[in-house]
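The values are calculated or read from the model by the stated rules, or taken from the named source; none is laboratory data. No experiment lies behind these values; they were computed from the predicted model shown. Neighbour counts are summed over all protein chains in view; Cβ atoms, including those assigned to glycine, are modelled from backbone coordinates with ideal geometry. Note: areas computed on protein heavy atoms with side chains; ligands, DNA, RNA excluded. Shrake-Rupley method; radii C 1.70, N 1.55, O 1.52, S 1.80 Å.
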Amino acid sequence: MDLQTKALHVGYEKDSQSTMAVPIYQTTAYDFGSADFAASSFNLEQGTDNVYTRVGNPTNAILERRFAEVEGGSASLAVASGMAAIFYSILNIAESGDNLIVSNQLYGGTVTLFTQTLKKLGIEVKFFDIHSIKDIESLIDDKTKCIFFESISNPSIDVPDFEQIISIANKYNILTIVDNTVATPMLCQPLIIGADVVVHSASKYTTGQGTAIGGLIVERKELYKKIKNNSRYPYFNEPESSYHGLIFADSQVSEILFTFRARMVVLRDTGAVLSPFNGWLFIQGLETLYLRMNQHCQNALEVAKWLESQDIVVNVNYPLLKSNKNYKNSLKYLTKGASGLLSFEVKNLEIAKKIINKVEIFSIVANIGDSKSIITHPASMTHQQLTNEELIACGVPVGLIRISCGLESSKDLIADLKQALEA
Ligand code: PLP
């Protein structure tokens, strides 16, 4: 089945009412029917997530199955936000004293999670330069739990050499976690390339119309083989005291280890659950994601080419421009397009502000991936919490303007930018 077909059909067998649309199971809990069934469900013996909506819900389960399928993974877990997905993927493997090796080109919220919150929890984060992957090896030690990067970075719009990173991680039996928010599975499937876990902010392209916050964690098929008996990952291989000494790697769910433990331990205990209504909105979004991504990509490429020809523009970042340092990696890993996200740099803050204030179709919004076009100034908005050094390290000079091209006509978007640049 092709991706667009899977996105419309996987995971939903029509219920007793034969509804075409997936129903919203807006329920907190489930009737177990018998005391024995209740007890064994709580002890993870029934293979059901319908214990309590904090750990599972039938509407979200359809989203999870569908998303896992389009990512080419074995299972997924839906959570309340992209940040929760990232945090949970880390909490599922790391504790105080451990470390992570992470790309220096990341979404600002992820940087603060890593450098502030995880640091307070005793988890160290070591950065590597996305364009100097060979340096990763010198950062690895016995306490390294994962290598984390974005498939298309936000906002610097870099595209790493996936295969090189994955082969280093595999050499040391370390997990790779990839934030695939900007590319979406319609443009790039990191798990098929060999990454172990994908995380998503579904709040962006998946929902599409900017209507809901949510996130997903997806695991690679056969990831359990890398985790089982791997001493780096004791959470899966040693008795879990909150389930009477269950060893996840030996349990009946051993083939979907990563997301199962994230659900039954991390989500159970910390509770950033996705509301079924938002899960339903993501199912609607997923149905048209393939078509929308095509149009976002086409618009962005046309806008990027036009911006490149403007004197006032110092630099344009769009991976599929021949002038871009990511062009080679993009041709290899982003064969269907490079998303609607691009950024360009003007000389200083004043010019950047003037352009942002003059555009009419673009809205000044702290988001990306909406069907309506968005313009932002990362240094003063999404990345405001970062120091000057951190801003430069993650590729955000003060004159940088980020655009998320929506689904309007590219002619109208270019005309709007033209009047703003000339004003
Ligand atoms: N990852 C990336 C690449 C993002 O751009 C964002 C948000 O902008 C997030 C994660 C966080 O997602 P959420 O806002 O759904 O928590």
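Filtered by the rule that a residue be under 22 Å from SER231 (Cβ atoms), open to solvent by less than 10 Å² (accessible area, probe 1.4 Å) and assigned to a loop (DSSP other than H, G, I, E, B), region 156-174 gives a lone residue, ILE174.
Within region 364-391, the set of residues being over 23 Å from ASP158 (Cβ atoms) and open to solvent by 50 Å² or more (accessible area, probe 1.4 Å) comprises ILE364, LYS372. Only one entry of LEU342, LEU281, LEU301, LEU307 meets the criterion of being within 16 Å of the ligand (Cβ to nearest atom) and either assigned to a helix (DSSP H, G or I) or free of Cβ contacts under 8 Å to residues at least 12 places away in the same chain (or both), and that entry is LEU281. Among the residues of region 137-164, those that are farther than 20 Å from LEU113 by Cβ and in contact (Cβ under 8 Å) with a residue 12 or more places away in the chain comprise GLU137, ILE140, ASP141, ASP142, ILE157, VAL159, ASP161, PHE162, GLU163, GLN164.
Could you tell me whether GLY337 is touching a residue at least 40 places away in the same chain (Cβ under 8 Å), in contact with an Asp or Glu (Cβ under 9 Å, 6 or more places away or on another chain) and not charged (D, E, K, R)?
Spelling it out, it is not the case that GLY337 is touching a residue at least 40 places away in the same chain (Cβ under 8 Å), in contact with an Asp or Glu (Cβ under 9 Å, 6 or more places away or on another chain) and not charged (D, E, K, R).
For region 302-345, taking the residues that are surrounded by fewer than 23 Cβ atoms within 10 Å (Cβ to Cβ) and of a type in the set (Phe, Trp, Tyr), the one that is farthest from SER151 (Cα to Cα) is identified as TRP306. Taking the criterion of being more than 25 Å from GLU163 (Cα to Cα) and of a type outside the set (D, E, K, R), the residues of region 109-135 that qualify are GLY109, THR112, LEU113, THR115, GLN116, THR117, LEU118, LEU121, GLY122, ILE123.
Against the test of being free of Cβ contacts under 8 Å to residues at least 24 places away in the same chain and buried (at least 20 other Cβ atoms within 10 Å of the Cβ), the options PHE236, PHE248, PHE260 yield a single qualifying residue, PHE248. Consider ILE361 carefully, then state whether it is assigned to a helix (DSSP H, G or I), open to solvent by 20 Å² or more (accessible area, probe 1.4 Å) and aliphatic (A, V, I, L, M). It is false that ILE361 is assigned to a helix (DSSP H, G or I), open to solvent by 20 Å² or more (accessible area, probe 1.4 Å) and aliphatic (A, V, I, L, M).
Taken over region 208-259, residues that are small (Gly, Ala, Ser) and within 16 Å of the ligand (Cβ to nearest atom) amount to 5.
Each row is one residue, and each column tells you yes or no for (1) within 16 Å of the ligand (Cβ to nearest atom); (2) modelled with pLDDT under 95; (3) under 26 Å from GLN164 (Cα atoms); (4) surrounded by fewer than 22 Cβ atoms within 10 Å (Cβ to Cβ).
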{"site": "ALA61", "(1), (2), (3), (4)": "no, no, no, yes"}
{"site": "ARG66", "(1), (2), (3), (4)": "no, no, no, no"}
{"site": "GLY73", "(1), (2), (3), (4)": "no, no, yes, no"}
{"site": "SER81", "(1), (2), (3), (4)": "yes, no, no, yes"}
{"site": "ALA85", "(1), (2), (3), (4)": "yes, no, yes, no"}
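So, LEU91, is that one farther than 29 Å from TYR290 by Cα and either in contact (Cβ under 8 Å) with a residue 24 or more places away in the chain or more than 16 Å from the ligand (Cβ to nearest atom) (or both) or not? The answer is yes for LEU91. Of everything listed in (1) away from the ligand (no atom under 16 Å from the Cβ); (2) under 24 Å from LYS221 (Cβ atoms), the single unmet condition for LEU100 is (1).
Scanning region 175-202 for residues that are within 10 Å of the ligand (Cβ to nearest atom) and open to solvent by 10 Å² or more (accessible area, probe 1.4 Å) turns up ASP179, THR181, SER201.
What number of residues within region 382-411 are part of a loop (DSSP other than H, G, I, E, B) and at pLDDT 85 or above? Step through it out loud before you land on a result.
Of region 382-411, the ones part of a loop (DSSP other than H, G, I, E, B) are 382-387, 394-399, 405-409.
Checking the rest, the ones that are also at pLDDT 85 or above come to 397-399, 405-409.
Looking only at that region, the number is 8.
Here's the yes/no breakdown for (1) within 17 Å of THR259 (Cα to Cα); (2) part of a loop (DSSP other than H, G, I, E, B); (3) in contact (Cβ under 8 Å) with a residue 60 or more places away in the chain:
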residue	(1), (2), (3)
LYS6	no, no, yes
GLU13	no, yes, no
THR19	no, yes, no
ILE24	no, yes, yes
ASP31	no, yes, no
PHE37	no, no, no
GLY47	yes, yes, yes
GLU64	yes, no, yes
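Filter region 1-37 down to the residues that are open to solvent by 70 Å² or more (accessible area, probe 1.4 Å) and of a type in the set (Asp, Glu) and list them by number. Hits for region 1-37 are ASP2, GLU13, ASP31, ASP36. Taking the conditions (1) over 30 Å from GLY279 (Cα atoms); (2) within 16 Å of the ligand (Cβ to nearest atom) in turn, CYS146 satisfies each one other than (1). The listed residues are THR53, THR28, THR19, THR5, and the only one of them that is touching a Phe, Trp or Tyr at 6+ places or on another chain (Cβ under 8 Å) and polar (S, T, N, Q) turns out to be THR28. As a summary of the residue check, GLY285 satisfies the conditions (1) closer than 18 Å to GLN46 by Cβ; (2) outside the structural domain of VAL22 (by TED's automatic domain parsing) except for the one numbered (1).
In region 136-155, the residue that is nearest to ASN317 (Cα to Cα) out of those that are assigned to a loop (DSSP other than H, G, I, E, B) and open to solvent by 10 Å² or more (accessible area, probe 1.4 Å) is ASN154.
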